[in-house]
Amino acid sequence: MSWYKRTEKGIVTPTEEKLEVPDGLWHQCPNCKKIMQVEEHAASCYVCPACNYHDRINSKEYFEVLFDDNAFVELGENLTSGNPLDFVDTQPYPNRIVSSQKKTGLKDAVRSGVGKINGMDVTISCMDFRFIGGSMGSVVGEKISRAIDHSRKKKIPFIMISKSGGARMMEAGFSLMQMAKTSAKLALLDKEGLPYISILTDPTTGGVTASYAMLGDFNISEPGSLIGFAGPRVIRETIGKDLPEGFQSAEFVLEHGFLDFIVDRKEMKKKLSDLLGMLK
Ligand SMILES: [Zn+2]
């Protein structure tokens, strides 16, 4: 019975080897399980240095990655949602908005900023998946429309970073109208000869794919992103067939002609400034 007995008394780890690390200093890659320091992860644009897994990030991090010196002016930052349909599911819609705002520190599922990418002025709108699944409601549509209008007014390019589960169910028809509204604004931008680059990140689905996300002069994605319209289960049940391997991955979507390229996040800023330089 001696196999579970300590052979040495007490705890023998020397004090200098006891790592007192507070929570939040380490990041574990969800794909390859490599553990790295949070700073190291951030320095590599939130991409795993071992397996190139692109972690899901939000507007705060994308603005950090793209804007020169993380300097930008936010547009329409105080817009918040109404409750046009008096919608109640497990809780009234306004309560859900307030609790999401408290949880995330965001006002809604998109933020827009004006700043520079390698010295070039741009407007960027970036969605936040943490806010009700990055769903597109009236506020998202309005903020994107205003960002496009800002680009038109200043005659500068517009960049959209999508990350969304699609329409916001609690706004039903109002949510669907945002598809037409943002598409119409993009048509005006196009008419005025201003560039629009769409970046589809993990995941981009539903009404967002079916409107502004796929309307770029360039449609770009990051490796391994999920891009689709309806989910795989719905499609499988509708067509009654099994789906091919890798269905709805960025790589599959690129191969089938819906994307122009897949760009590593660490290369994204350079790629954007090269493209915008060409389009000037
Ligand atoms: Zn990894």
I'm trying to understand the selection: among the residues of the stretch 33-49, which are near the ligand (Cβ under 9 Å from one of its atoms) and exposed (fewer than 12 other Cβ atoms within 10 Å of the Cβ)?
LYS33
Here is a list: VAL253, VAL208, VAL234. Which entry is β-branched (Val, Ile, Thr) and out of contact with any strand residue (DSSP E or B) (no Cβ under 9 Å at 6 or more places or on another chain)?
VAL234
Scanning for something within 16 Å of the ligand (Cβ to nearest atom), within 28 Å of ALA250 (Cα to Cα) and not charged (D, E, K, R), does the stretch 56-69 turn up at least one residue?
yes
Does the stretch 95-116 contain any residue that is open to solvent by 60 Å² or more (accessible area, probe 1.4 Å), on the phi < 0 side of the Ramachandran plot and of a type in the set (S, T, N, Q)?
yes
In the stretch 66-99, residues that are without any contact (Cβ under 8 Å) to a residue 60 or more places away in the chain and outside any loop (DSSP other than H, G, I, E, B) total 13
For the stretch 72-84, state whether one or more residues are closer than 28 Å to SER225 by Cα, modelled with pLDDT of 95 or more, within 15 Å of the ligand (Cβ to nearest atom) and surrounded by 14 or more Cβ atoms within 10 Å (Cβ to Cβ).
no
Go through (1) modelled with pLDDT of 95 or more; (2) open to solvent by 50 Å² or more (accessible area, probe 1.4 Å); (3) of a type outside the set (Ser, Thr, Tyr) and name the single condition PHE218 misses.
(2)
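The values are calculated or read from the model by the stated rules, or taken from the named source; none is laboratory data. If you're wondering where the values come from, they're calculated on a predicted model, not measured in any experiment. As a convention, Cβ positions derive from the backbone with ideal geometry for all residues, glycine included, and neighbour counts pool all protein chains shown. Ligands, DNA and RNA are excluded from the accessible area calculation, which covers all protein heavy atoms including side chains. Shrake-Rupley method; radii C 1.70, N 1.55, O 1.52, S 1.80 Å.
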